[in-house]
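Chemist: The structure's right below; bear with me while I get my questions together.
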Amino acid sequence: MKDFTPTKETISLHGLGFIQLVLSGNQRMHVWHPDLPRRNCFEHSAIHNHRFSFTSRVLKGVQMNTRCDLEIVKPGTGSHVLISHNGPRSDKGGRLSYPVADVNVIERELEPYSAGQEYFMPAMEYHFTPCVGVVVTLMTKIEETQLHASSVIRSGVDFHYDFDRFQLSPKKLFEYVVDALGSSRVMSETANPEKA
């Protein structure tokens, strides 16, 4: 039986370089900060999908979103390798993962979203968000599937399977969140999105 239990921590670090803060109503605040640690293969493995569909509203900064299509190809011929996150959670907070196929990646047009704008991602669609500087978003999960998420890494690069999501204390993570928000205006936009 597959284990799709979400992370139980109210605040946690993700290997893609952001902090996730669990809110009520299927919502998550995501905070990207340039000083946060990322998995060491980040530049080659940022493309991923999600088990669920969601909307993401930008509260601060500019969210760069690029959707991608994958083409499965013969072993050893792809530009990238597909990594399945189908295992149970490890003691470092991430899911046990493994390579499953060779693929070619076709990137679509870059979609920039500024503060106050919102975009939708369907479940299982691949994308990456190459954030620059501080970016804060409010993600709302809409519908979950029973499928597992995957990432894509450039061929020839080793995937960082044991990234430690607990390397920073909750106190330190909250300090990053406070620094990123920087003002009460962002928090008021979260509570009253029509005023953004």
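Chemist: So if a site counts as exposed when it's one of the GluC sites (Glu not before Pro), its DSSP state isn't H, G, I, E or B, and it has at most 15 other Cβ atoms within 10 Å, what's the longest stretch of the chain without one?
Modeler: Numbers: sites that count: GLU9, GLU125.
Within the chain, the longest run free of exposed GluC sites (Glu not before Pro) spans 10-124.
Chemist: If you don't mind, there's one more thing I want to ask. If you plug each phi of the range 72-84 into the Karplus form 6.51 cos²θ - 1.76 cosθ + 1.60 with θ = phi - 60°, what whole-Hz ³J(HN,Hα) values come out, in order, with x for Gly and Pro?
Modeler: Couplings: 6, 10, 5, x, x, 10, x, 6, 9, 10, 8, 10, 8 Hz.
Chemist: Compute the relative contact order of the range 11-195 as a whole-number percentage, counting only Cα pairs closer than 8 Å that sit 6 or more residues apart in sequence. Walk me through the numbers before you get to the answer.
Modeler: Numbers: 428 pairs, mean separation 64.5, N = 185.
Over the range 11-195, the number comes to 35 percent.
Chemist: Could you work out how much longer the chain between THR10 and GLU109 gets when fully extended? Use 0.36 nm per residue separation minus the Cα distance between them, nm to one decimal. Working shown, then result.
Modeler: Details: separation 99, 0.36 × 99 = 35.64 nm, distance 3.38 nm.
Gain on extension, THR10 to GLU109, equals 32.3 nm.
Chemist: Around GLY156, what is the net charge, scoring Lys/Arg as +1 and Asp/Glu as -1 over all other residues with Cβ under 14 Å from its Cβ? Please report the intermediate quantities before stating the final value.
Modeler: Numbers: positive: ARG154; negative: GLU43, ASP102, ASP158.
With Lys, Arg at +1 and Asp, Glu at -1, the neighbours total -2.
Chemist: Measure nothing fancy, just the Cα-based angle from helix 170-181's long axis to the longest principal axis of the chain, in degrees from 0 to 90, nearest 10.
Modeler: Roughly 70 degrees between the two axes.
Chemist: Rounded to the nearest 500, what is the 222 nm mean residue ellipticity of the chain from helices alone, with -39500 (n - 2.57) per DSSP H run of 4+ residues and division by all residues? The partial results should precede the final answer.
Modeler: Numbers: 2 runs with 20 residues, N = 196.
Value at 222 nm, helices only: -3000 deg cm²/dmol.
Where a number appears in this text, it was derived from the coordinates with a stated rule and is not lab data. Because the structure is predicted, anything quoted here is derived from the model rather than measured. Positions of Cβ are backbone-derived with ideal geometry, glycine not excepted, and every protein chain shown enters the neighbour counts.
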